[in-house]
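S.K.: One structure follows; several queries about it will come next.
Just so it is clear, none of the values below were taken in a lab; they were calculated from the coordinates. Because the structure is predicted, anything quoted here is derived from the model rather than measured. No Cβ is skipped: glycine too gets one built from the backbone with ideal geometry, and neighbour counts run over all protein chains shown.
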């Protein structure tokens, strides 16, 4: 059972790291600000989510796991909201960026 | 397991460092704040991985603080940005 849980951690954390890699490549390579915003907010939040899911079996108690999930939820909510606001400031700022 | 978690944290921190190149290249302020958001998300992931590897429970609170700071930074940026262009938002909405 412990081996299975460790395997789950390894698989999920590697997948999460891959999504961080994808987010960074998108942030550096995409042609304009809106596509870069898209790459950043989707890929990185998914990467963090996979890392959190991978770390859940390593936690000592249920409360600690719930705390991890709460952090992910906070990041998701703030990321979704702030990306909408950043896109709005881009639209109203014109073509300068 | 601890070695693997530390290695994953190092990899994610490397990705965050690469993303910081966007601050140098710009071209707009929004691209730079996006890079700062990447530091927020990637920093949370790295801190959680390191905290689990070392068994330090307090690192979860550090991650929580980072999440709050990243959110506040983005909102402060947008508020300052929209304050620079007064009136335009109303005009854009009514079109």
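S.K.: Working carefully through the options B:38, B:13, find the one that is within 11 Å of residue A:20 (Cα to Cα), free of Cβ contacts under 8 Å to residues at least 24 places away in the same chain and part of a helix (DSSP H, G or I). Walk me through how you get there before you give the answer.
M.R.: Working: B:13 fails: free of Cβ contacts under 8 Å to residues at least 24 places away in the same chain.
Of the residues listed, the single one that is within 11 Å of residue A:20 (Cα to Cα), free of Cβ contacts under 8 Å to residues at least 24 places away in the same chain and part of a helix (DSSP H, G or I) is B:38.
S.K.: From the list B:48, B:24, B:82, B:69, which one is surrounded by fewer than 20 Cβ atoms within 10 Å (Cβ to Cβ) and either touching a helix residue (DSSP H, G or I) at 6+ places or on another chain (Cβ under 6 Å) or within 7 Å of another protein chain (Cβ to nearest Cβ) (or both)?
M.R.: On the way: B:48 fails: surrounded by fewer than 20 Cβ atoms within 10 Å (Cβ to Cβ); B:24 fails: either touching a helix residue (DSSP H, G or I) at 6+ places or on another chain (Cβ under 6 Å) or within 7 Å of another protein chain (Cβ to nearest Cβ) (or both); B:69 fails: either touching a helix residue (DSSP H, G or I) at 6+ places or on another chain (Cβ under 6 Å) or within 7 Å of another protein chain (Cβ to nearest Cβ) (or both).
Exactly one of B:48, B:24, B:82, B:69 is surrounded by fewer than 20 Cβ atoms within 10 Å (Cβ to Cβ) and either touching a helix residue (DSSP H, G or I) at 6+ places or on another chain (Cβ under 6 Å) or within 7 Å of another protein chain (Cβ to nearest Cβ) (or both), namely B:82.
S.K.: So residue A:57 passes all but one of these: (1) closer than 20 Å to residue A:17 by Cα; (2) surrounded by fewer than 21 Cβ atoms within 10 Å (Cβ to Cβ); (3) facing chain B (nearest Cβ under 7 Å). Which condition number does it fail?
M.R.: Evaluating residue A:57 over (1) closer than 20 Å to residue A:17 by Cα; (2) surrounded by fewer than 21 Cβ atoms within 10 Å (Cβ to Cβ); (3) facing chain B (nearest Cβ under 7 Å) leaves (3) as the failure.
S.K.: Can you find, within region A:69-84, the residue that is surrounded by the fewest Cβ atoms within 10 Å (Cβ to Cβ) among those that are farther than 18 Å from residue A:27 by Cα and facing chain B (nearest Cβ under 7 Å)?
M.R.: A:74
S.K.: Let me ask another. What residue, among those in region A:12-50 that are touching a residue at least 12 places away in the same chain (Cβ under 8 Å) and more than 16 Å from the chain's Cα centre (by Cα), is nearest to residue B:24 (Cα to Cα)?
M.R.: In this case the residue turns out to be A:33.
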